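Taken together, the values in this text are just the output of simple stated rules run on the coordinates, not laboratory data. Since the structure is predicted, the reported quantities are computational estimates derived from the model, not experimental observations. Virtual Cβ from ideal backbone geometry, glycine too; neighbours counted across all protein chains shown.
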Amino acid sequence: MTHDHDLVLRPTEAQISAALNPPPGRNGGDLVVETLTALGATTVFGLPGQHALGAFDALRRSDLRYIGLRVENNAGFAADAYGRITGEAAPLLLSTGPGALTSLAALQEAAAASAPVLAISSQIPTAGLGGGRHGYLHELPDQSASFRGVVKSVHTVRAQSQIPSAIEAAWTSALTAPHGPVWVEIPQDVLLAETSIPVVTGGDAFPEELPPRPELTAVAADLLSNAARPAIIAGGGVVRSDASGKLRQLAETLRAPVVTTPGGKGAFPWTHPLSLQSWIEDRHTTDFLEDADVLLVVGSGLGELSSNYHTFKPRGRVIQIEADLGKLEANHPALGIHADARLALQALLETVSPREDEEAPERVREVLARVADRIASQELTLEQDVLASVRRALPASAPSFWDMTILAYWAWSAFDAKGPNLLHSAQGAGGLGYGFPAALGAAVADPSRPVLAVSGDGGALYSIAELATARQYDLNVTWLIVDDGGYGILREYMTDAFGQATATELTRPDYVALAESFGVPGVRTTPETLADDLSKALGSPGPSVVVLPAVLRMFAPTHL
C-alpha cells in the first residue's frame, strides 16, 4: 500500500536547473531565511549582533519582513504575541551570548503560555564549540545549556547542510501541542561562509497531532453524562488549540457551568447562562468547583492562580485534559488525558449523552451574586470604574496585552475579553515588561485593528525604548500607563506583610513628554476622562500613549 507521505515528488526541469546553478553570493544566512520562507514565515523579529551578521545580511536578499526591537527580551515578547495571534511559529533572530541570554525571560513566558516562538541564535565559531575556553567574544562553555530548561527543544547546527533540517525540526516542535518556544543555534562561521548548497525550496514541517486515547475519553464521557453536578475549568490550552466553539457545545450539552483561568480568558462567553466568568481567585467560585461531583479541567495544569493559590481541594472526580505531559496530574489526582484540547473535546462531543439540568444557570447566578457582594463590600469603586472605562473604550475585536500590574490582576478576574485569543498577559511566567512589546508584535500580526497595551509605571520602564520601534514601524498600539509612582502591587504586598514597603518607590519621567520626544502623541488623563481619551487614542492610527496617574488597590484575597 502506498501512502501520500511515501510519495516523492519529482523535481521539474526548472527546479533541477536552479539546484545545479544556485545564484552566487549566498551564505549560510541565506539558507536560514530561505528555509523560513519555504516553511511559510513572512515576518521575523530580532536584534542584530556581530556573530549573527550573516543571517541579517541574508534578510536583505529575502522577502521576509524584519521588525527590529531595541532589547532582545522585548523582541522575544513581540514574537510571543505574534505567535499567539497568528498561531504560526514566530522567528526570532538573536546574537550570541549576552544577546541570546537577554531573551531568556521572554522565552520563559512563551513556554508558560504555549506561544510558538522559533528562536534562531548565532554561536561562536565552530572551532570554539565543545566547552573549552578559547576567549571568543560572547563565548559561553555551553550556550544551549542556558536554554534547555526553558524551551521545548534545542537544535544545534555545525554545518550548513544541517540548517534546513534543524529549522524544520524546530518549526515542527514549536507548533506541536503544546505549542512553545524552541532554540536553534548556528556558529558564526557557518552563517558567514559562502554556500554552494541549492536554494531551499521545499518546506514540509507538519505538526504532530496529539489525539486522546479512546478508552480514556469513553470513561470521561460516561462520568460526565451521569454526573449530578458537573463543572468545567477552561485554561489556556482551549485558546491555543482554537477549541472555544467545542467547549461551548460540550458545556451546553452537559449543562455544565464553566469558569476560565487567566490564561483561558475568552474561551467561554462571559454572559452565557453557564458562565462563572473568570473569578477563579474567589472562595465562592472555589467552593462551587469543590462541590462538583465531576470536574472537567481542559487545557490547564491547575497551577497557583488557577487553584486559588493551591487552596482548591476537589471532592469529586477530576478529569484533566492537558497537552503538556508535565502538567498532567501534577497538582491533583485525575483521570489524566494527554491530548490536544480540541481533539479531546471533539472526542467527548461524539460520546457524551445530553444532560437535563434546569437549575444550573440559577446556581451560576447565585455564585456570581456572592462574588459581586464580596467585591462591593470592599469600597473599590475606582478600580472597577477604571476597568469598565477600558472595556468601553476598547473595540470588541481588539486584542489587549497586560503587564504584571494591579489593573491586569483585576482584568484576570473581572474583564470581559469578548472572545478567545483577545486578552493576553504575562501571567504564565510573571515577568515585568511584557505588555507594550507584546502589543507591538500583535500589531505587526494584524495591522487592521488597534491593539491596547496596559502597564504600570514600573513595568513601563522595562520597555520604554520600544517607543522608538512603535514609531519606526508606525504600529497601531495605544499604551495605557497607570502611574502610581512605584511597583504598586509589591508596595501593597509588603505593606500587608510587614507594615511598610521597601524598594518599591520609583523616580519616574514625565511619560507624556517622553512619548512625545519619540514622536509618539501622549495625553495625561483622569479616571473620569479615561474612557474618552483611550477611545480617541485607539481610534487614531499609529502609536499613542495615555498616562493615568492613579493608585489602585487589589480586592482582598480569599486564599489566606
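Amide hydrogen proximity for V44: with H placed 1.01 Å from N in the peptide plane, the residues at 5 or more positions away or on another chain lying under 5 Å are R65, Y66, I67. All distinct Cα pairs of region 169-298 go into the 1/r average, and the inverse of that average, the Kirkwood radius, is 17.8 Å.
What shape does region 451-549 take by its C-alpha gyration tensor, where a ≥ b ≥ c are the square roots of the eigenvalues and a/c under 1.5 counts as rounded, a/b above b/c as prolate, and the rest as oblate? Prolate is the answer for region 451-549, as a/c is 1.5 or above and a/b outweighs b/c.
What pairs from K265/K536; K313/K418; K418/K536; K246/K418 go past 23 Å between their alpha carbons? Violating the 23 Å Cα-Cα cut-off are K265/K536; K313/K418. With R₀ fixed at 22 Å, the C-beta to C-beta distance from Q50 to D474 puts the FRET efficiency at about 0.15. Along the charge dipole of the chain, which of P24, V219, L335 sits closest to the positive end, that is, farthest toward it, with unit charges on the beta carbon of Lys, Arg, Asp and Glu (+1, +1, -1, -1)? Working it through, the farthest residue towards the positive pole turns out to be P24. Counted over region 224-279 with a bin width of 5 Å, the fraction of Cα pairs per bin, in whole percents, is 4, 23, 33, 24, 12, 3. Think of the chain as having a plus end and a minus end, set by charges on the Cβ of Lys, Arg, Asp and Glu; of Q162, G458, P557, Q162 sits farthest toward the positive end of this dipole. Taking amide H as placed 1.01 Å from N in the peptide plane, W479 has its amide H under 5 Å from the amide H of A453, S544, V545, V546, each at least 5 places away in sequence or on another chain. Whole-Hz Karplus values for region 281-298 come out as 8, 9, 5, 5, 5, 4, 4, 4, 5, 5, 7, 5, 7, 9, 10, 9, 10, 10 Hz, taken residue by residue from phi with 6.51 cos²θ - 1.76 cosθ + 1.60 and θ = phi - 60°; glycine and proline positions read x.
Checking a compactness column here: for region 1-130, what do you get for Rg(Cα) / (2.2 N^0.38 Å), N being the number of residues?
On the way: Rg = 17.1 Å, N = 130, 2.2 N^0.38 = 14.0 Å.
This ratio for region 1-130 stands at 1.22.
The separation of region 224-299 from region 26-71, counted between C-alpha centres, amounts to 42 Å. In order along region 547-560, the phi-based Karplus estimate (6.51 cos²θ - 1.76 cosθ + 1.60, θ = phi - 60°) of 3J(HN,Hα) comes to 10, 10, x, 6, 9, 9, 10, 7, 5, 5, x, 10, 9, 8 Hz; Gly and Pro are listed as x. Counting charges near E516 (Lys, Arg +1; Asp, Glu -1) among other residues having Cβ under 14 Å from its Cβ returns a value of +1. At q = 0.12, 0.23 Å⁻¹, work out log10 I(q)/I(0) for region 252-334 with the Debye formula, treating every Cα as an identical point scatterer and leaving solvent out; two decimals please. Here the Debye-derived log intensity ratios amount to -0.31, -1.26. Backbone amide hydrogens, once placed in the peptide plane, bring R317 within less than 5 Å of V294, L295, excluding anything fewer than 5 places away on its chain. Counted over all Cα-Cα pairs of region 286-390, pairs farther apart than 21 Å make up 52 percent.
Which percent, to the nearest 5, of DSSP beta bridges fully inside the chain are antiparallel? Before the final figure, lay out each step's value.
Details: 2 of 61 bridges.
Antiparallel bridges: around 5 percent, rounded to the nearest 5.
Of the peptides 465-477, 399-411, the order by per-residue mean of other Cβ atoms within 10 Å, starting with the highest, comes out as 399-411, 465-477.
Dipole check for the chain: with +1 at the C-beta of Lys and Arg, -1 at the C-beta of Asp and Glu, and the Cα centre as origin, the magnitude is about 260 Debye. Derived scalar couplings between HN and Hα for region 56-69 equal 6, 4, 5, 4, 4, 9, 10, 9, 5, 8, 9, 10, x, 9 Hz in order, rounded to whole Hz, by the Karplus curve 6.51 cos²θ - 1.76 cosθ + 1.60 (θ = phi - 60°), x for Gly and Pro.
Say the dipole of region 464-542 comes from +1 at the beta carbon of Lys and Arg and -1 at that of Asp and Glu; which of L538, M494, T504 then lies farthest toward its positive end? Sorting the options by dipole projection puts first L538. Could you estimate the translational diffusion coefficient of the chain from the Stokes-Einstein equation, with Rh from the Kirkwood formula over C-alpha pairs, at 10 °C and 1.306 mPa s, in whole µm²/s? Translational D for this selection: 64 µm²/s. When only alpha carbons of region 410-498 are considered, Rg and Dmax amount to 14.3, 48 Å. Here region 102-239 is treated as a sphere whose radius is the Kirkwood value from Cα pairs; by Stokes-Einstein at 37 °C and 0.692 mPa s it diffuses with a coefficient of 184 µm²/s.
Which FRET efficiency value, to the nearest 0.05, is calculated for T42 and L20 with the Förster distance at 35 angstrom and r the Cβ-Cβ distance? Working shown, then result.
Numbers: r = 29 Å, r/R0 = 0.82.
Efficiency for this residue pair is about 0.75.
Modelled spin labels at H310 and T529, positioned 7 Å past Cα toward Cβ, are 4.7 nm from each other.
Report the charge-dipole magnitude of region 102-261 in Debye, nearest 20, computed about the Cα centre from +1 at each Lys and Arg Cβ and -1 at each Asp and Glu Cβ. Walk me through the numbers on the way to the answer.
Values: 10 positive and 14 negative charges, 118 e Å.
Roughly 560 debye for region 102-261.
The stretch between D373 and D446 holds 22.3 nm of extra length on full extension. This uses 0.36 nm per residue minus the Cα-Cα distance.
The charge dipole of region 335-475, taken about its Cα centre with unit charges on the Cβ atoms of Lys, Arg (+1), Asp and Glu (-1) only, comes to about 320 debye.
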